[in-house]
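Undergrad: Input: one structure, supplied below.
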Amino acid sequence: MKIKTGDTVKVISGHYKGTVSEVKAVNPKTNKIIVEGVNMIKKTLKPSQNNPEGGIVEREAPIDASNVMLYDKKAKAASRVGVKTNAKGEKVRYFKKSGEEIKEAKK
């Protein structure tokens, strides 16, 4: 899976098509990701000791990783991702559209 937590992605299919946002969580086992502000659902919570009121909470649900592409801010477009080795011999991800290396996001 070439998408990591903290990456900026663009949704390319579904109700939220065209939305550019940040990845909050990644699950490579199920190939699902959670993107900030995308695929919002309403979840009802039972009253508990932590939340005595209970109520309805709006949160993001996972979407399939195939429905997003990494967003290249330099080209201002979604781009495919490749992997190459840099001068230090490390594997790095890069945008195929602009050739620019993807900086690792802070966790």
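Undergrad: What does the accessible area of Glu60 come to, in Å² to the nearest 10, when a probe of 1.4 Å is used?
TA: Here the accessible area works out near 40 Å².
Undergrad: Okay, moving on. Got the relative contact order for the chain handy, in percent, Cα pairs under 8 Å and 6 or more residues apart? Each step should come with its number before you reach the end.
TA: Numbers: 198 pairs, mean separation 24.4, N = 107.
Computed value for the chain: 23 percent relative contact order.
Undergrad: Can you compute the modelled spin-label distance between Glu90 and Glu36, with each label point 7 Å from Cα toward Cβ, in nm?
TA: The modelled label-to-label distance comes out at 2.4 nm.
Undergrad: What ratio of Cα Rg to 2.2 N^0.38 Å holds for segment 9-61?
TA: Against the empirical 2.2 N^0.38 Å value, I get 1.41 for segment 9-61.
Undergrad: Can you sort Arg80, Arg59, Arg93 by solvent-accessible area, 1.4 Å probe, largest first? Working shown, then result.
TA: On the way: Arg80 150, Arg59 95, Arg93 15 Å².
Largest accessible area first, the residues go Arg80, Arg59, Arg93.
Undergrad: Whenever you get a sec, compute what percent of the accessible area on the chain sits on carbon and sulfur atoms (1.4 Å probe).
TA: Its accessible area is 49 percent carbon and sulfur atoms.
Undergrad: Return the lysines within reach of Lys4: Cα separation strictly under 18 angstrom, same-chain partners fewer than 8 residues apart disregarded; answer none if there are no such residues.
TA: Lys24, Lys29, Lys32, Lys73, Lys84, Lys91, Lys96, Lys103, Lys106, Lys107
Undergrad: Separate question: Rounded to the nearest angstrom and ordered from largest down, what semi-axes does the equivalent ellipsoid of the chain get from its C-alpha gyration tensor (root of 5λ)?
TA: Values: eigenvalues 212, 49, 24 Å².
Ellipsoid half-lengths, sorted descending, are 33, 16, 11 Å.
Undergrad: Where does the charge balance sit around Val35 when Lys and Arg score +1, Asp and Glu -1, over other residues with C-beta under 9 Å from its C-beta?
TA: -2
Undergrad: With every protein chain left in place, what is the accessible area of Asp64 in Å² (1.4 Å probe, nearest 10)?
TA: In the full protein context, Asp64 sits at about 50 Å².
Undergrad: Okay, next question. Provide the net charge surrounding Thr44, with neighbours chosen by a C-beta distance below 14 Å and charges set as Lys +1, Arg +1, Asp -1, Glu -1.
TA: Details: positive: Lys42, Lys43, Lys46, Arg59; negative: Glu53, Glu58.
Local net charge: +2.
Undergrad: Sum up the charges of everything whose Cβ sits under 14 Å from the Cβ of Val57, counting Lys and Arg as +1 and Asp and Glu as -1, but leave Val57 out.
TA: +1
Undergrad: If I build a Gaussian network model for the chain, linking alpha-carbon pairs within less than 10 angstrom, which residue out of Lys97, Lys84, Lys24 has the largest mean-square fluctuation?
TA: Lys84
Undergrad: Cut-off under 15 Å on the C-alpha distance; same-chain residues fewer than 8 positions from Lys88 excluded. Which aspartates and glutamates are left, in chain and number order?
TA: Glu101
The values are calculated or read from the model by the stated rules, or taken from the named source; none is laboratory data. Fair warning: this is a prediction, and the values are worked out from it, not measured in the lab. Cβ: placed from backbone, ideal geometry, glycine included. Neighbour counts: every protein chain shown. Calculation scope for accessible area: heavy atoms of the full protein, side chains included, ligands and nucleic acids excluded. Shrake-Rupley method; radii C 1.70, N 1.55, O 1.52, S 1.80 Å.
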